[in-house]
Amino acid sequence: MQISNVDQDCNCNINRNVIVSKQELSPQVKFIEVCAPEIAQKAKPGQFVMLRLDEDGERFPLTLVNWDKRKGTISLIFQEVGVSTKKLGKLPVKNTISNVAGPLGNPSEIKSLGLVVIVCGGVGTAAAYPIAKGFKEAGNRVISIIGARSKDLLILEDEMREVSDELYISTDDGSKGHKGFVSEVLNQLIEKGYPINIVYAIGPPLMMKAASNVTKPHCIKTMVSLNPIMVDGMGMCGACRVTVGDQTKFACVDGPEFDASIVDFAELVKRLKIYPEEEKLAAQFHEKAGGN
Amino acid sequence: MKTVAHIDEKTAVLDHLHSIPVPKQDPKERIRNFDEVSLGYTEQQALREASRCLSCPNPQCVKGCPVGVQIPEFIKLLKGKNYDQAISIVKKQNRLPAICGRVCPQEEQCQKFCLLGKKGQPVSIGRLERFVADLERTRGVTVPSITAAPTGKKVAVIGAGPAGLTVAADLAVLGHKVTMFEALHKAGGVLVYGIPEFRLPKSIVQAEIEYVEKLGVELCTDALAGRLFTIKELFENGFDAVFIGTGAGLPKFMGVPGENLSGIYSSNEFLIRVNLMKSYRFPETDTPISVGKRVVVIGGGNVAMDSARTALRLGAESVSLVYRRSREEVPAREEEILNAEEEGVVFKFLTSPTRFVGNELGKVIGMEYISCNLGEPDQSGRRKPVPIEGSKAVMDVDTVIVAIGRTPNPIIQNTTEGLKTAADGTIITDDTTGKTSFVGVYAGGDIATGEATVISAMGAGKKAAQSIHEYLTVNSFKKLNKISGRC
């Protein structure tokens, strides 16, 4: 797929928050390009936006995948897991998203470091892409390891290849590339003696933790981008608090990137599962209401 | 609205020492709805209460008002049923009277100085202010035509809360072009995300915002200053002055073990979910909230009272409010404490949480606490709670709401070179003008003073508007760049 799909001028100044292109990347994973000219001007790798789809909608964060300053669009990729992402998945092109706020969070600290390894899994690859691209453009050598449960679920393979000097693929079922986990490929690189200066690990919390466990004994600096529950996303609610070292940090204003070696991943996993019953209730409600 | 007048007519005898009680929803009824608790005076009641005012020639009450409302003057007009004139007198100093009549701590301000208060109860100035404001709103507010000639100056107001709305309205009336930038999807600030419907109906806030917009103020939502644009960029894009009124900020936590267990909310999160995101209507609305049977609220301010009373309305069986000092030191308004007590909130004074206990899923199930005595006064002048050794105990809890205050949001300060901040993160301003260390930039409200009240934020807004006006009319700027249009 192309990470920016619209060739013609989409009049973003008038069509604010309008979805101008849309694509299914894998079952349940969708790509959209949205008119948001001011955000496109200011976006930097590592940042995110908060969306609210309609009057009754919740606010939820999505990482910025790409942006086009000239056209005035931003690109987002999401997995349809909850009520809001499913609703967003159903919104057709030319429809408007009620609210898009951003860019939020601190940008990645991109500089010339030497060898940068990007490890990512599942939809986390979408968040990793602009960081890989940024490091590449800053003159680094970039090695990317992308993973998924199976080859059909891999996303952005071509895009990642384009911004990487080397690309490794890993699938849980072995349908493509290494059979197993991305952290195992990372471990192989370390054992081969690659002089890695920094690792960025982005994906499900357990994947990020596994990557961190691999790099820790070798004292390789590892950054992770965390995805806790957020309500405002701007430093008001504290829902996104995470324990980093011995401190409580807010992912929205202090992060979303943190030093993996001191992140309390177990707590993060638990805090992502605060609303299991409410999620079920909402799914049932929308199935009934929406004729899903 | 289900209304049960909560007045004992026998005790409501007209005399100069007792104020006319205000009708309220019955506590048993009201904890099952989010409708406003206080129903406000009827015309009859307002006239009777107004007749208590002594019309002092040297009114002390005015001195207690942060914005200097001409109180005896508006009450005198009210007595004569000149309601239109009464509200216009109030509005000369106070642009948000329907809001201030409801949420101002009058007992600490105007009413504290009322002469009647020396022997009996002071005049209920707040209730009278609310009466004239509500009457005007129901009759339809006329928006004044702006007589000031356009100055050609542009002002950016960051944050559409009480301070920002005041600055925006005052400057628009003076002929300046004002744009308000609000980070959230809705204007109103704490009036919308923080103060619950049962204390301040959102339709009233909405009416005030519409009024400000009708004055020609442009509102730009989803615009987080410091990220979408910097202060410097506002000037580069043709703004001549900037006002920062971004409010209270990040929630504070106690720093005790287990505080990040699920089921523990900051009051900000809890109230944002309910008030701004309407989670009380979940799953019709998409934002969930989880309130268990046993709720504990930690803190003693108005926000703690709001959280406790909201939890009751969301169906909690028991709500305890835990405060480490005694009843004497509780900072919340007396009226709100009484409302909470009436509704069944259980107060546990001289109690300080020491640890939270979770289950295997990481959900809070218990709170360990220690009892305290009051020792010597601390820096704040209040007696310091001293833990009593050996008094630790654990109570079962399902939901905890931490309401112990907030610290300033750092985003603007971190992205604005030359904007000086204090050690506590607030923006340093000149008290009388709201000037910051950055030329052309003013600030007011909680971001400058730390947590305070709606009326003090409005007062700061009024002062800042005045000094911004002076700054703009004595300095002449050439606007080189045109603003490229977000709104």
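Taken together, the values in this text are just the output of simple stated rules run on the coordinates, not laboratory data. Bear in mind the structure is a predicted one, so any value in this text is a computation, not a measurement. Note: ideal-geometry Cβ built from the backbone for every residue, glycine included; neighbour counts use all protein chains shown.
Annotation: lysines with alpha-carbon distance below 16 angstrom to residue B:177 (same-chain offsets under eight excluded): B:153, B:154, B:214, B:478, B:479, B:482.
Packing-based ranking of B:393-406, A:184-197 yields B:393-406, A:184-197, ordered from highest to lowest mean Cβ neighbour count within 10 Å.
Residue-wise HN-Hα couplings along region B:246-253, as the Karplus relation 6.51 cos²θ - 1.76 cosθ + 1.60 with θ = phi - 60° gives them from phi, are 8, x, 7, x, 6, x, 8, 10 Hz; Gly and Pro carry x. Protection proxy ranking of A:206-213, B:184-191, B:345-352, by the mean of other Cβ atoms within 10 Å over each peptide's residues and highest first, is B:184-191, A:206-213, B:345-352. Relative contact order of chain B, taken over Cα pairs closer than 8 Å and 6 or more residues apart, is 15 percent. Model label sites at residue B:33 and residue B:230, defined 7 Å from Cα along the beta-carbon direction, differ in position by 5.2 nm. Listed by chain and number, the lysines placed with their C-alpha closer than 23 angstrom to that of residue A:280 are A:30, A:86, A:87, A:90, A:270, A:288, B:278, B:293, B:363; residues fewer than eight positions away on the same chain are left out. Label-to-label distance, residue A:98 versus residue A:138, with points set 7 angstrom from Cα along the beta-carbon direction: 3.7 nm.
Pairs spanning more than 28 Å between alpha-carbon atoms, out of B:24/B:112; A:111/A:249; A:111/B:435; B:112/B:435: A:111/B:435; B:112/B:435. Take the convex hull of the alpha carbons in the protein assembly as shown; its mean projected area over all directions comes to 35.9 nm².
Of the GluC sites (Glu not before Pro) found in region A:47-132, those in coil by DSSP whose Cβ has at most 11 other Cβ atoms within 10 Å are A:55. What percent does the relative contact order of region A:115-272 come to when contacts are Cα pairs within less than 8 Å and at least six residues apart? Computed over region A:115-272, the figure is 19 percent.
For the peptide A:40-53, the mean number of other protein chain Cβ atoms found within 10 angstrom of a residue's Cβ is 2. For region A:194-204, putting each phi into the Karplus relation 6.51 cos²θ - 1.76 cosθ + 1.60 with θ = phi - 60° gives couplings of 4, x, 6, 8, 7, 10, 10, 10, 9, x, x Hz, in residue order, rounded to whole numbers and with x for Gly and Pro. Ellipsoid fit via the Cα gyration tensor, region B:1-158: semi-axes of 29, 21, 15 Å, each the root of five times an eigenvalue, largest first.
For region B:332-450, the alpha-carbon coordinates run over 54, 37, 33 Å along the three principal axes, in decreasing order.
Percentage of Cα-Cα pair distances in chain A greater than 34 Å, rounded to whole percent?
It works out to 17 percent of all Cα pairs.
Each listed q (0.12, 0.20 Å⁻¹) maps to a log10 I(q)/I(0) for region A:115-272 from the Debye sum over equal C-alpha point scatterers, namely -0.49, -1.25. Amide H contacts for residue B:391 (H built 1.01 Å from N in the peptide plane; partners 5 or more residues away or on another chain; cut-off under 5 Å): B:371.
May I ask you to sort B:269, B:341 by Cβ crowding, counting other Cβ atoms within 10 Å and putting the fewest first?
B:341, B:269
Overall, the anisotropy analysis places chain B in the oblate class: the square-rooted eigenvalues a ≥ b ≥ c of its C-alpha gyration tensor yield a/c not less than 1.5, with a/b not exceeding b/c. Along its first, second and third principal axes, ordered by size, region A:19-104 spans 30, 27, 25 Å in Cα coordinates.
Here the simple spin-label model places points 7 Å from the Cα toward Cβ, and for residue B:428 and residue B:474 these points are separated by 2.2 nm.
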